[in-house]
Amino acid sequence: MVDGLPRGPPWWTAFPEARASCPRVEASEVAALLEKISAAGSSATRDFLLVDVRRTDWEGGTVSTSINLPAHTFYQTRPVIYQLCKQAGIQRIIFYCGKDLDYLNEVGETGIKAEILAGGIKGWQKAYGGRLMDYYDEKTWAEQSK
């Protein structure tokens with residue numbers, strides 16, 4: 001027990017190790033994608049999905065338009081997420097950290113590219129502050145940098 005809470009192995013040890021490597025995409029490229037979509041308005045065609053895989057630490061905000069799929073639940077739901085991405089015409093899935101390129105390889109997918117946001121959410125916030133973020137909370141970021 002630590003701090004009165006039972007401690008066991010970390011949650012991620014229940015899942016297989018990743019076999020595939022995953023390319024990284026710079027925050028500046030993601031920002032450019034978001035700005036392009038924003039400038040195009042409702043006529044924009046979106047072919048990428050931003051996935052925030054943080055569990056409970058997503059306080060402080062998230063990159064605009066991201067969806068939250070906590071890493072500890074992603075493994076079980078990846079077939080459904082894959083089908084939704086295929087149906088929506090998604091060509092790139094950009095994770096804040098972690099990845100699941102293995103599943104794309106298992107199903108023989110070549111039309112969807114999995115990437116990791118270089119620096120994750122902390123790198124994004126460092127580069128952009130609250131720009132292009134939803135639910136940005138400056139106080140949370142100030143506390144984390146102490």
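Here are the numbers:
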| quantity | calculated |
| --- | --- |
| Ranked order, TRP124, TRP58, TRP141 - accessible area, probe 1.4 Å, largest first | TRP58, TRP141, TRP124 |
| The stretch 26-83: C-alpha gyration tensor shape, a/c 1.5 cut-off, then a/b vs b/c | oblate |
| For the stretch 115-131, 3J(HN,Hα) per residue [Karplus equation, 6.51 cos²θ - 1.76 cosθ + 1.60, θ = phi - 60°, Hz, x = Gly/Pro] | 9, 10, 5, 4, x, x, 5, 5, x, 4, 4, 5, 7, 10, x, x, 5 |
| Amide proton proximity set for ILE116, modelled H, under 5 Å, gap of 5+ | ARG24, VAL25, PHE95 |
| Probe 1.4 Å, all protein chains present, accessible-area order of LYS139, LYS126, largest first | LYS126, LYS139 |
| Solvent-accessible surface (1.4 angstrom probe) belonging to TYR96, in square angstrom, nearest 10 | 10 |
| 37 °C / 0.692 mPa s Stokes-Einstein diffusion coefficient of the stretch 23-146, Kirkwood radius on C-alpha pairs, µm²/s | 217 |
| Spin-label model distance (nm) - SER28 vs THR65, 7 Å beyond Cα toward Cβ | 2.1 |
| Pairwise label distance in nanometres, ARG92 with LYS139, each label 7 Å out on the Cα-Cβ vector | 3.5 |
| Area accessible to solvent at ASP47, 1.4 Å probe radius, in Å² | 50 |
| Estimated vicinal HN-Hα couplings, Hz - the stretch 67-73 in sequence order (Karplus 6.51, -1.76, 1.60; Gly, Pro = x) | 10, 9, 10, x, 3, 6, 10 |
| Length released on extending from ALA127 to ARG55, taking residue separation times 0.36 nm less the Cα-Cα span | 23.7 nm |
| Solvent exposure ordering (accessible area, 1.4 Å, most first) of LEU117, LEU84 | LEU84, LEU117 |
| For the stretch 31-146, share of DSSP beta bridges that run antiparallel, in % to the nearest 5 | 15 |
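The values are calculated or read from the model by the stated rules, or taken from the named source; none is laboratory data. Everything numeric in this text was worked out from a predicted model, so none of it was measured. As a convention, Cβ positions derive from the backbone with ideal geometry for all residues, glycine included, and neighbour counts pool all protein chains shown. Remember, those area values only see protein heavy atoms, side chains included, never the ligands or the DNA or RNA. Shrake-Rupley method; radii C 1.70, N 1.55, O 1.52, S 1.80 Å.
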